[in-house]
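The values are calculated or read from the model by the stated rules, or taken from the named source; none is laboratory data. Because the structure is a prediction, the values reported are computed rather than measured. With ideal geometry, Cβ positions are generated from the backbone for all residues, glycine too; neighbour counts draw on all protein chains shown. Areas reflect the complete protein model, heavy atoms only, side chains present, ligands, DNA and RNA absent. Shrake-Rupley method; radii C 1.70, N 1.55, O 1.52, S 1.80 Å.
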Amino acid sequence: MLDTVRAAVKGKDVVFDTNKALAPIVGQEVWAAGVTYYRSRSARMEESKDAGGGTFYDRVYAAQRPELFFKCAGWRAVGPGGTVRIRHDAKWSVPEPELALVMNARGQLVGYTIGNDMSSRDIEGENPLYLPQAKVYNGSCALGPAVLLAESPLAKTTAIRLEILRGKEIAFSGSTTLAELKREPEELISYLFRELDFPHGAYLMTGTGIVPQDDFTLSSGDIIRISIDGLGTLENHVG
């Protein structure tokens with residue numbers, strides 16, 4: 001991989017297989033924001049209504065303070081072409097396609113990548129306090145295919161697309177745009193860095209606006225493709 005980068009810097013023609021790339025992260029932590037899209041708010045309320053937690057998500061969506069939670073250490077992140085997982089004790093699992101922000105140690109936004117925040121909806125729906133178990137486990141986070149270094153914000157018209165393949169069939173597809181993201185990236189970053197230091201910078205997933213219908217759950221062997229305008233496509237298979 002290093003030889004490929006050196007050749008590209010010298011202006012040589014190179015063939016770069018993104019499915020063989022590592023996740024574009026080293027020692028940084030990955031954090032995530034929740035309930036930042038109206039679609040996510042509605043889904044969280046529906047899945048937790050029987051547990052009495054439905055109003056929690058409505059209040060989070062409207063609150064000044066965002067929901068932020070730790071997702072994974074950088075070394076746990078899965079790269080393009082890698083295997084993401086569904087928990088063996090979960091019955092309702094989905095991918096969450098998200099724009100991921102890349103910040104330096106000073107809390108400055110320096111780039112973007114694509115994130116997959118794998119989630120166990122039945123575990124979180126049983127009790128909102130189970131969110132860490134629903135969100136944080138082996139193979140629950142994927143990043144890639146690369147980091148787009150950029151100082152200016154992405155356009156609100158930037159599209160996020162999700163496609164799930166089962167065999168040769170499309171089991172689910174959906175899309176949204178950054179215009180549906182309720183909170184500005186700078187706002188989310190300001191809360192994350194408010195009382196935390198990140199000596200190596202950090203990644204922050206900004207939430208999802210694409211949620212499959214309630215009767216859909218991932219299966220082993222599925223292929224997940226997440227595309228964001230200007231960032232490429234992150235593809236992973238489910239183990």
**Request:** Go through region 133-239 and name the GluC sites (Glu not before Pro) that are in a DSSP coil and have 10 or fewer other Cβ atoms within 10 Å of their Cβ.
**Result:** 151, 195
**Item:** [x] 16.1, 43; [y] 40.6, 135; [z] 17.3, 60, with the label sought being that of the calculated Rg and Dmax of the Cα atoms in Å
**Value:** [z]
**Request:** Please give the net charge around residue 226, taking every other residue with its beta carbon less than 11 angstrom from that of residue 226, where Lys and Arg add +1 and Asp and Glu add -1.
**Result:** -3
**Prompt:** Rounded to a whole number, what % of the accessible area of the chain do carbon and sulfur atoms account for, probe 1.4 Å?
**Reply:** 52
**Request:** Distance between Cα centroids, region 172-239 to region 71-93: provide it in whole Å.
**Result:** 13
**Item:** Per residue solvent-accessible surface (Å²) - region 17-129, probe of 1.4 Å
**Value:** 44
**Over region 147-239, relative contact order from alpha-carbon pairs under 8 Å, at least 6 apart, %** = 33
**Fill in**
One would report the antiparallel percent of DSSP beta bridges in the chain, rounded to the nearest 5, as 85
**Asked** Per residue, what volume in Å³ does the convex hull of the Cα atoms of region 66-185 enclose?
**Response** 136
**Asked** How high is the relative contact order of the chain, given as a whole-number percent (alpha carbon pairs under 8 Å, six or more residues apart)?
**Response** 28
**Request:** Give me the net charge of residue 143's neighbourhood, meaning all other residues with Cβ under 14 Å from the Cβ of residue 143; Lys, Arg count +1, Asp, Glu -1.
**Result:** -3
**Prompt:** Sorted by average packing, counted as other Cβ atoms within 10 angstrom per residue and highest first, what order do 27-39, 101-113, 59-71 take?
**Reply:** 27-39, 101-113, 59-71
